[in-house]
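Data block below; observations after.
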Amino acid sequence: MVPGATRAGMRPPVVDHGPRIGNRVALTFDADMTDGMLASLRAGRVKSYANMRILDLLEREQVPATFFLTGKWVQRYPEVTRRIAGNPRFELANHTYGHAAFTADCYDLPRLPVDELAGDVAKTFEVIAPYGGRQTRYFRFPGLCHDAAALDALAPLGVTVVDGDVVSGDPFATAWKPLVRAVLDHVRPGSVVIMHVTEANAAMTDEALPHILAGLRERGLVAAPLSEVLTGA
Ligand SMILES: [Zn+2]
């Protein structure tokens with residue numbers, strides 16, 4: 001069975017973390033992409049929303065990670081997606097098609113109508129699936145914004161909703177030390193750490209990451225794929 005798959009027709013479960021046993025934690029990286037971000041790339045206002053230094057470091061140190069991909073990010077960065085899918089330590093998960101809000105009042109993100117939510121997430125799985133690798137049925141809402149209506153809308157899809165219990169606070173960060181502190185002060189066995197691989201919108205993440213990895217080692221914690229952290233397997 002695909003990790004995160006649940007019975008279709010049921011309101012999807014929402015998880016923040018795995019069992020608080022053992023020593024494993026999940027490093028998750030969101031790959032947001034909106035039409036506004038695509039316009040910034042086209043206009044040359046922004047160089048990249050794909051932080052290759054993060055991939056280089058994870059690969060060099062052989063660190064497992066899980067990537068929550070938007071469909072538009074995958075379509076903008078097919079070669080990077082291929083590289084993620086080709087790494088047996090990396091899992092692929094779903095972060096909507098264009099990073100719209102699934103509820104009211106979600107960080108000024110434009111909101112999708114409720115009757116379009118399931119289609120948006122289904123389309124994103126269709127965009128990600130051809131890349132193969134370690135596919136999952138894990139889904140993360142933009143801004144972690146969800147309510148009963150949004151969860152019920154996703155019932156046909158058979159997914160598991162993943163929030164996380166350790167928020168790095170990396171979007172629009174201007175210094176790396178607060179990210180390291182935010183993660184290392186809160187991380188515990190079973191934790192799901194939320195970071196971003198969006199470079200221009202999360203420019204300090206690659207600078208913080210080596211220090212986060214060192215801090216995990218000091219605490220006897222080991223990064224593992226999300227599916228293994230959530231199931232305790
Ligand atoms: Zn996001």
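General observations
- Of Val197, Val229, Val162, Val192, all but one fail to be in contact with a His (Cβ under 9 Å, 6 or more places away or on another chain) and within 30 Å of Glu116 (Cα to Cα); the exception is Val192.
- Scanning the range 114-133 for residues that are β-branched (Val, Ile, Thr) and either open to solvent by 20 Å² or more (accessible area, probe 1.4 Å) or assigned to a loop (DSSP other than H, G, I, E, B) (or both) returns Val114, Val127.
- Taken over the range 2-51, the residue count meeting the criterion of being at negative phi and either charged (D, E, K, R) or free of Cβ contacts under 8 Å to residues at least 60 places away in the same chain (or both) is 16.
- For Asp108, the criteria (1) within 16 Å of the ligand (Cβ to nearest atom); (2) among the acidic types (Asp, Glu); (3) within 18 Å of Leu55 (Cα to Cα) hold in every case but one, which is (3).
- Matching residues in the range 125-148 - criterion: being of a type in the set (Phe, Trp, Tyr), more than 16 Å from the ligand (Cβ to nearest atom) and in contact (Cβ under 8 Å) with a residue 40 or more places away in the chain: Tyr131
- The range 82-102, residues that are under 24 Å from Phe172 (Cβ atoms) and either more than 14 Å from the ligand (Cβ to nearest atom) or open to solvent by less than 10 Å² (accessible area, probe 1.4 Å) (or both): Ile84, Ala93, Asn94, His95, Thr96, Ala101, Phe102
The values are calculated or read from the model by the stated rules, or taken from the named source; none is laboratory data. These numbers were taken from a predicted model, which means no experiment stands behind them. Neighbour counts are summed over all protein chains in view; Cβ atoms, including those assigned to glycine, are modelled from backbone coordinates with ideal geometry. Accessible surface is based on the protein model in full, side chains and every heavy atom, while ligands, DNA and RNA are left aside. Shrake-Rupley method; radii C 1.70, N 1.55, O 1.52, S 1.80 Å.
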